[in-house]
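One structure below.
The values are calculated or read from the model by the stated rules, or taken from the named source; none is laboratory data. From a predicted model like this one, the values you see are computed outputs, not experimental measurements. In this analysis, Cβ positions are derived from the backbone assuming ideal geometry, glycine residues included, and neighbour counts consider all displayed protein chains.
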Amino acid sequence: MVIDAPTEADAAERLDRLTDLATPFAVRTVVTLRVPDRIAAGVTRLDELAEACDADAAALGRLLRYLSHRGVFVEEPPDVFELTDVGELLCDRDGGGHGAHLDLGGLGARMDRAWAGLPHAIRTGGPGYGAVHGHDFWADLDRHPDDRAYFDALMLSQQRFTAPQVASLYPWHEVGHVVDVGGGSGGLLREVLGAHRHLRGTLVDRNEPVATAARTFAEHGLADRTEVVVGDFFAPLPAGADVYVVSRALTDWSDAHATTILRRCAEAAGDTGRVLVVEVLPTVPHVPHLSSYDLQMLVLVGGRERGVTEHAALAAAAGLTPRRTYHGEDGLTLMEFGAGG
Ligand SMILES: C[S@@+](CC[C@H](N)C(=O)[O-])C[C@H]1O[C@@H](n2cnc3c(N)ncnc32)[C@H](O)[C@@H]1O
């Protein structure tokens, strides 16, 4: 069999596929107009969909046909649209759901638009988000409570995977008081304290997530074993606890910033306390250069992905020494550090 050499036209086509913006925006537009939700609810005729979306029927038809050729909808008979399995995913508006992320009115779209700041991020080695939106990511969340609530719900949906493993992998019977540094809206602490009834917990984070965490702890009968602190993990942390958990927060920061966070934990932990770094480490298929996650961390927040060795280097720079490591599922890793050599 003779295989033709790739032609210049092939290369141009592959380049088109790499750079096309029509399809990503077409998908986001049907989500923003809630077309998939309406079809799922039984509104399948083009004229009815246009009315429900307050859209121009002819323009909407062009959009839906474009996406029918890309596997999102099926048009059968003419002017009647159904969802494919891909289209069904667009109806999911829960915390981590595709529909919530792709809606052009939400935080997902603000995060996506930060990609326009990638040249700035590559030139400076810092985040590009502020160059696009005028404020850095965390300050922007402070300014937009709805976005903050969405972000916290997203983190909570990921904590459903991490928290039960953290609760079961670490020897919590050795611990009396744990501080969750940058603990978000408290999903991890809730799980750990729920599973280990002798534990006391303190959560440190920014204003909004701390308020959510306080409500969550009260709702789960944990108010008397928890304390919430509006704080800054670049400043001194509540001292004297047995374990300082830093869960999926170092990835948001440059090496210099991440080292400072660990140094603050080390200072608060003193000679006897421990620092427990929880991360989902790069594993297949979530590997730098194969997934976009590492670049996304850079452009959004100036962060980066790291493996065990890189975390140990950060910890060493913060005056900490590796103690024990616990491996969970799909790359979830608990790296325990302690004072001195
Ligand atoms: C990626 S989230 C991780 C949340 C949670 N630990 C988890 O495992 O899902 C990072 C958290 O760091 C918090 N954060 C960002 N800057 C902070 C600061 N300067 N001081 C304290 N917390 C901060 C954010 O508000 C957010 O809740």
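Does any residue in the stretch 246-260 that is at pLDDT below 95 come within less than 6 Å, Cβ to Cβ, of a residue that is more than 7 Å from the ligand (Cβ to nearest atom) six or more places away or on a different chain, and which pairs are these?
Listed by first residue and then by second, the contacts come to nothing, as the list is empty.
Among ALA139, ALA114, which is in contact (Cβ under 8 Å) with a residue 12 or more places away in the chain and either outside the structural domain of VAL301 (by TED's automatic domain parsing) or over 24 Å from HIS257 (Cα atoms) (or both)?
On the way: ALA139 fails: in contact (Cβ under 8 Å) with a residue 12 or more places away in the chain.
None of the other options fit; the residue is ALA114.
Quickly run through the stretch 249-261 and pick out the residues that are within 13 Å of the ligand (Cβ to nearest atom) and part of a helix (DSSP H, G or I).
Once the filter is applied, which keeps residues that are within 13 Å of the ligand (Cβ to nearest atom) and part of a helix (DSSP H, G or I), the stretch 249-261 yields LEU250, THR251, ASP252, HIS257, ALA258, THR260, ILE261.
Count, please, the residues in the stretch 233-248 that happen to be near the ligand (Cβ under 9 Å from one of its atoms) and surrounded by fewer than 13 Cβ atoms within 10 Å (Cβ to Cβ).
2
Kindly indicate the residue of the stretch 205-232 that is more than 9 Å from the ligand (Cβ to nearest atom) and in a loop (DSSP other than H, G, I, E, B) and also farthest from ASP140 (Cα to Cα) among those meeting that condition.
Among those that are more than 9 Å from the ligand (Cβ to nearest atom) and in a loop (DSSP other than H, G, I, E, B), it is GLY221.
Which residues, taken from the stretch 186-204, are within 13 Å of the ligand (Cβ to nearest atom) and small (Gly, Ala, Ser)?
First, pick out the residues of the stretch 186-204 that are within 13 Å of the ligand (Cβ to nearest atom): 186-192, 201-204.
Hits for the stretch 186-204 are GLY186, GLY187, GLY201.
Can you name the number of the only condition in (1) surrounded by 16 or more Cβ atoms within 10 Å (Cβ to Cβ); (2) farther than 18 Å from ARG28 by Cα; (3) in contact with a helix residue (DSSP H, G or I) (Cβ under 6 Å, 6 or more places away or on another chain) that HIS98 fails?
The failed condition is (2).
Condition first: under 21 Å from VAL166 (Cβ atoms) and either within 21 Å of the chain's Cα centre (by Cα) or modelled with pLDDT under 95 (or both). Now tell me which residues in the stretch 203-230 satisfy that. Write out each step before concluding.
Quick first cut of the stretch 203-230, residues under 21 Å from VAL166 (Cβ atoms) only: 203-205, 209-210, 212-214, 216-217, 219-222, 225-229.
Scanning the stretch 203-230 gives LEU203, VAL204, ASP205, PRO209, VAL210, THR212, ALA213, THR216.
Determine, yes or no, whether SER157 is surrounded by fewer than 16 Cβ atoms within 10 Å (Cβ to Cβ), part of a helix (DSSP H, G or I) and within 18 Å of the chain's Cα centre (by Cα).
Working: surrounded by fewer than 16 Cβ atoms within 10 Å (Cβ to Cβ): yes; part of a helix (DSSP H, G or I): yes; within 18 Å of the chain's Cα centre (by Cα): yes.
Yes, satisfied.
Does the stretch 163-185 contain at least one residue that is within 16 Å of the ligand (Cβ to nearest atom), touching a Lys or Arg at 6+ places or on another chain (Cβ under 8 Å) and assigned to a helix (DSSP H, G or I)?
Among the residues of the stretch 163-185, at least one is within 16 Å of the ligand (Cβ to nearest atom), touching a Lys or Arg at 6+ places or on another chain (Cβ under 8 Å) and assigned to a helix (DSSP H, G or I), which makes the answer yes.
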